[in-house]
Amino acid sequence: MQYTQSLNIKSWAEEDRPREKMLLKGRSALSDAELMAILIGSGTRNESAVTLSQKILANANNKLHELGNYSITDLCKFKGIGEAKAITLLAALELGRRRQITEIDQKVQIKSSNDAYQILKPHLSDLKIEEFWVVYLNRANKVISKQRISSGGMTGTVVDTRIVFKDALDRLATCIILCHNHPSGQLKPSQADIDLTKKLSQCGKIMDIQVVDHLIIGDMGYYSFADEGLL
């Protein structure tokens with residue numbers, strides 16, 4: 001004989017309820033779905049908040065970075081998620097992203113392409129449009145600042161050489177790292193990427209400001225011109 005078990009969180013054992021579980025075992029003991037359930041508060045008549053959260057995560061391939069790409073409209077497509085709950089979820093994801101940026105910013109010296117990737121990843125890995133950023137370094141390869149230069153569409157963005165090097169001069173930078181994302185996830189540089197890198201590198205030599213690398217960032221990794229011997 002089959003039966004339907006209640007999905008209401010209040011019917012669970014106390015140690016299995018997300019809020020109570022956090023109090024008893026700490027936040028690290030909770031799954032992503034349980035943490036989301038705390039944020040959305042309640043599910044529907046037929047689903048608990050945890051089950052609803054599991055459904056949302058499954059739709060994002062159980063990857064929080066993919067969930068970070070969702071809009072309020074995307075989340076509101078799930079029964080039980082209204083505008084207020086969608087805003088709460090996206091606000092929490094944004095706080096997590098900003099915390100990551102704050103922690104990474106404390107790591108101020110660039111010693112490898114991966115160091116640069118870790119600094120820029122929070123800004124570029126989840127975007128649906130292409131952006132171009134520059135990291136400005138001093139003589140010791142310590143980060144002076146990082147700046148978004150341009151923002152475009154899904155397949156490209158315009159980069160003004162004058163802005164790149166004006167900002168470098170204003171900051172007294174001796175080296176720069178170029179970076180842009182590919183929303184498609186494809187990391188291989190296009191011919192336009194290669195041509196732009198050569199152009200900026202040549203301009204840098206004239207101005208005694210070295211272009212030490214150009215990174216292409218996707219959701220799951222990066223491509224380094226320097227590592228591949230293209231600079």
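The values are calculated or read from the model by the stated rules, or taken from the named source; none is laboratory data. All of these numbers come straight from a predicted model, not from anything done at the bench. Methodologically, a virtual Cβ is constructed for each residue, glycine included, from the backbone with ideal geometry; neighbour enumeration extends over all protein chains shown.
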Selection over segment 134-184 where residues are of a type in the set (S, T, N, Q) and part of a helix (DSSP H, G or I) yields a count of 1
Of all residues in segment 58-99, how many are among the hydrophobic types (A, V, I, L, M, F, W, C) and either under 25 Å from GLN118 (Cβ atoms) or assigned by TED's automatic domain parsing to the domain that holds GLY185 (or both)? 8
Between LYS111, LYS128, which is surrounded by fewer than 17 Cβ atoms within 10 Å (Cβ to Cβ), modelled with pLDDT under 90 and not in a strand (DSSP E or B)? LYS128
Within segment 218-231, restricting to residues that are at pLDDT below 95 and either of a type in the set (A, V, I, L, M, F, W, C) or within 18 Å of ASP160 (Cα to Cα) (or both), the one that is surrounded by the fewest Cβ atoms within 10 Å (Cβ to Cβ) is MET220
Would you pick out the residues in segment 54-77 that are β-branched (Val, Ile, Thr) and either buried (at least 16 other Cβ atoms within 10 Å of the Cβ) or under 17 Å from GLU34 (Cα atoms) (or both)? ILE56
If you go through GLU20, GLU47, the only one that is buried (at least 17 other Cβ atoms within 10 Å of the Cβ) and at pLDDT 85 or above is GLU47
LYS121: within 19 Å of the chain's Cα centre (by Cα) and assigned to a loop (DSSP other than H, G, I, E, B), yes or no? no
